[in-house]
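Here the structure is laid out as structure tokens; the discussion comes afterwards.
Read-outs: derived from the displayed coordinates by stated rules, not from any lab. The shown structure was predicted, so the numbers you read here are calculated from the model rather than taken from an experiment. Reconstructed Cβ throughout: ideal geometry from the backbone, glycine too, with neighbour counts over all protein chains shown.
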Amino acid sequence: MNADTSQEAVTVDLHVRSLAPRAGHAQQNVAIERLDDLESADRIEAFNVHVWGHQISLSTAAANTDAGQFVLDRVEQFRSWAAETGRSVDSFFETRRVESEIMDEEYAALVLPSLTLAEYRDGDLAFVAPCSDDGSVCTVEDRIDVLAASGVTDVLQSDDPELPSAVVEEE
């Protein structure tokens with residue numbers, strides 16, 4: 001990372017669905033490659049990839065497994081972050097009723113997105129994508145774009161259309 005110790009350490013957890021459709025795999029691979037590039041360019045300190053399934057049962061049995069508890073804890077963290085920041089992740093983490101013909105039962109399941117990004121700054125959850133804010137959606141790709149541009153700042157802003165804003169990269 002930058003030698004400037006005042007800069008926050010940015011790490012990213014990328015959660016990918018293990019059984020995503022073919023198009024989802026391409027999107028996942030692109031996100032992983034871009035995060036790898038950001039890590040190599042010192043835009044982020046590190047990133048981790050976590051694989052989760054299509055859905056998780058909300059039954060007590062699922063919550064009693066390490067993997068199930070990990071997913072449920074993460075989703076709860078994401079929802080708390082959204083509530084604190086005035087955003088929403090609910091439409092991306094839907095609860096559905098599932099009928100199991102094999103077990104002859106019905107249960108509630110949390111359907112997981114094929115791709116979720118959790119951004120941490122100095123260890124604290126700072127952003128989750130996808131999320132929505134007043135009708136607009138920030139996708140994982142959008143957030144990676146923001147991280148890629150994180151070293152870029154406007155150094156000159158003017159209301160005069162004759163004077164363009166100058167953009168330089170921080171050192």
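How large is ³J(HN,Hα) for each residue in the stretch 132-147, as worked out from phi by the Karplus curve 6.51 cos²θ - 1.76 cosθ + 1.60 (θ = phi - 60°), to whole Hz, x for Gly and Pro?
Result, ordered by residue: 10, 8, 6, x, 9, 10, 10, 7, 4, 4, 4, 5, 5, 4, 5, 5 Hz.
Please find the FRET efficiency linking A41 to Y107, where r is the Cβ-Cβ separation and R0 is fixed at 35 Å, and quote it to the nearest 0.05.
With a Förster radius of 35 Å, E is 0.20.
Using 7 Å Cα-to-Cβ label points, what is the N64/S18 separation (nm, one decimal)?
With each label placed 7 Å out from Cα toward Cβ, I get 2.1 nm.
³J(HN,Hα) across the stretch 36-53 via Karplus (A = 6.51, B = -1.76, C = 1.60, θ = phi - 60°), whole Hz, x for Gly/Pro?
4, 4, 5, 5, 5, 8, 6, 7, 10, 6, 6, 9, 10, 10, 10, 9, 10, x
Please give the contour-minus-distance gain from R121 to H50: 0.36 nm per residue of separation, less the Cα-Cα distance, rounded to one decimal in nm.
Contour length minus the Cα-Cα distance gives 23.7 nm.
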